[in-house]
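The next block holds one structure in the form of structure tokens; read it before the comments.
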Amino acid sequence: MGGFFDALFLQSGYNAALVTLGATLLGFAAGAGGSFLFLRKRALVSDAVAHATLPGVGLAFIVMVALGGDGRSLVGLLAGSAISAFLGLLAVEWIVRRTRLSEDAAIGAVLSVFFGAGVVLLTVIQGMSRGRQAGLEDFLLGSTAGMLMQDALLIAGGGVAVVCAIWLLRRPMTLVAFDPAFAAARGVDVRRIDLAMMGVVLAVTVIGLKLVGLILIVALLIIPPVTARFWSERAETVVWVAGCIGGLSGWIGAAVSASAPALPTGPIIVLVATVAFAASLLFSPARGVAAAVMARRAFQARVHRRQGLLALARNEPIHDPLTIRILTAEGLLRPDGVATQAGHAACQRVARDERRWSAARRLHKDTALTGRYDGLTPIEEVFTGDEIAWIDRHVVTEGAA
């Protein structure tokens, strides 16, 4: 554990600290940038962008070798991947705009064609005299084993640049993500903002190739925004929470990888993000599974409590075991099935509320107010004091009649 905490607090050496900082910035940029595509319901675009980088990597290596280099310059490989990914984005947009194919079909076509071309190029490279030591397979799953200081600085600098771009464009991108028609009416160029969103994803994908790999960078673009959505209803909050989740995943994942060198950095980062997703899925207060189960049980208890009290008010026997347990636990029912003094008072309140709601439904047939009645809501939570007084007069009149 000592090695992990040393890596976590950047005490495991200069290169390990650079990799950890680079992974943190990349994770933050990926989480924040992927949020806009997620909110725009275009999360799979990141998949097409990632797979479209592979032929660019292969072609960049071939070109650099042909020009007399060793073909392994990270800047050259990333430039090639950026050009290839940009062409893939243009291909997806052209197919969607100029044909009848849906966006998911266009993404599938571009993804498969570009990835297939990339695999062919890697096969050709392995047959070259200078291609056997290329190590281009690291761009599939990521690797930090041979990362140099300038490589880590390039990744960190790219992450900072992407975060700055997100900050500058956050308002128009949020507007387009939720309501492109309204954004167009406000004078926003929706097409350019869409391209800016995709450009952010393209930049994150390209700078993350060395660290995470083209296959796993998709997970880093999607998992943090999905996780953040469990915790907030506000778009801007989702963007920055997703960035924090991505940043923490990169930080912790890189620290785990640095403390256990046999573990690959990219997959560990994605697994850390997945743990955060699973925890949010289960335990987030508003949308989590545990919260949904608790809300369902609370609603069920309210239903049984009210129906049990109505049965007591009508002198009807209660046979349901759950109803008996709830009323007994609240001190409203004795073990022999007879209502306590508190139970009688609760019965009268519930019966009176039911009579008031019955009168309200008859008096307000043409309003939407009674549509809020779920059989459990007290009438005071729906109507004003004057309306309740009017309803009570009808209840008294009907009782006298």
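The values are calculated or read from the model by the stated rules, or taken from the named source; none is laboratory data. Since we're looking at a predicted model, the values are computed, not measured. Cβ atoms come from the backbone with ideal geometry, glycine included; neighbour counts cover every protein chain shown.
A few points about this structure:
- Considering the conditions (1) outside any helix (DSSP H, G or I); (2) more than 24 Å from residue 68 (Cβ to Cβ); (3) at pLDDT below 85; (4) of a type outside the set (Lys, Arg), residue 134 is excluded by exactly one of them, (2).
- Candidates are the residues of the stretch 9-51 that are out of contact with any helix residue (DSSP H, G or I) (no Cβ under 8 Å at 6 or more places or on another chain) and hydrophobic (A, V, I, L, M, F, W, C); the one that is surrounded by the fewest Cβ atoms within 10 Å (Cβ to Cβ) is 9.
- Close pairs from the stretch 315-332: first in contact (Cβ under 8 Å) with a residue 24 or more places away in the chain, partner of a type in the set (D, E, K, R) and surrounded by 12 or more Cβ atoms within 10 Å (Cβ to Cβ), Cβ under 6 Å, at least 6 apart: 326/305
Each row is one residue, and each column tells you yes or no for (1) at pLDDT 90 or above; (2) within 30 Å of residue 225 (Cβ to Cβ); (3) in contact with a Leu (Cβ under 8 Å, 6 or more places away or on another chain).
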residue: 275; (1), (2), (3): yes, yes, no
residue: 279; (1), (2), (3): yes, yes, no
residue: 303; (1), (2), (3): no, no, yes
residue: 320; (1), (2), (3): no, no, no
residue: 334; (1), (2), (3): no, no, no
residue: 362; (1), (2), (3): no, no, no
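- Filter result for the condition that a residue is farther than 20 Å from residue 221 by Cβ, in contact with an Asp or Glu (Cβ under 7 Å, 6 or more places away or on another chain) and not aromatic (Phe, Trp, Tyr), over 73, 102, 12: 12
- Single residue of the stretch 204-215 satisfying the filter (buried (at least 24 other Cβ atoms within 10 Å of the Cβ) and among the aliphatic types (A, V, I, L, M)) that is nearest to residue 40 (Cα to Cα): 204
- Within the span defined as the stretch 143-150, one or more residues are modelled with pLDDT of 70 or more, surrounded by fewer than 20 Cβ atoms within 10 Å (Cβ to Cβ) and either under 15 Å from residue 57 (Cβ atoms) or assigned by TED's automatic domain parsing to the domain that holds residue 194 (or both).
- Selection status of residue 327, among the aliphatic types (A, V, I, L, M) and in contact with a strand residue (DSSP E or B) (Cβ under 7 Å, 6 or more places away or on another chain): yes
- When the stretch 1-57 is filtered for residues that are at pLDDT 80 or above and aromatic (Phe, Trp, Tyr), the ones remaining, listed by number, are 28, 36, 38.
- Boolean, residue 91 is closer than 21 Å to residue 203 by Cα, among the aliphatic types (A, V, I, L, M) and either at pLDDT 85 or above or in the same structural domain as residue 44 (by TED's automatic domain parsing) (or both): yes
- Filtering the stretch 314-337 to residues that are over 23 Å from residue 355 (Cα atoms) and either exposed (fewer than 12 other Cβ atoms within 10 Å of the Cβ) or outside the structural domain of residue 302 (by TED's automatic domain parsing) (or both) leaves 319, 321, 329, 335, 336.
- Residue in the stretch 86-98 that is part of a loop (DSSP other than H, G, I, E, B) and not aliphatic (A, V, I, L, M) present: no
- Within the stretch 1-29, tally of residues that are among the charged types (D, E, K, R) and outside any helix (DSSP H, G or I): 0
- Pairing each residue of the stretch 229-250 that is assigned by TED's automatic domain parsing to the domain that holds residue 174 with any residue that is crowded, with 17+ Cβ neighbours inside 10 Å and assigned to a loop (DSSP other than H, G, I, E, B), provided the two are 6+ apart or on different chains, yields C-beta distances under 7 Å for 230/284; 230/288; 231/284; 238/232; 241/231; 241/232.
- Matching residues, the stretch 51-96, being within 18 Å of residue 111 (Cβ to Cβ) and charged (D, E, K, R): 93
- Scan of the stretch 86-105 for residues that are over 16 Å from residue 197 (Cβ atoms) and of a type in the set (Gly, Ala, Ser), ordered by number: 91, 102, 105
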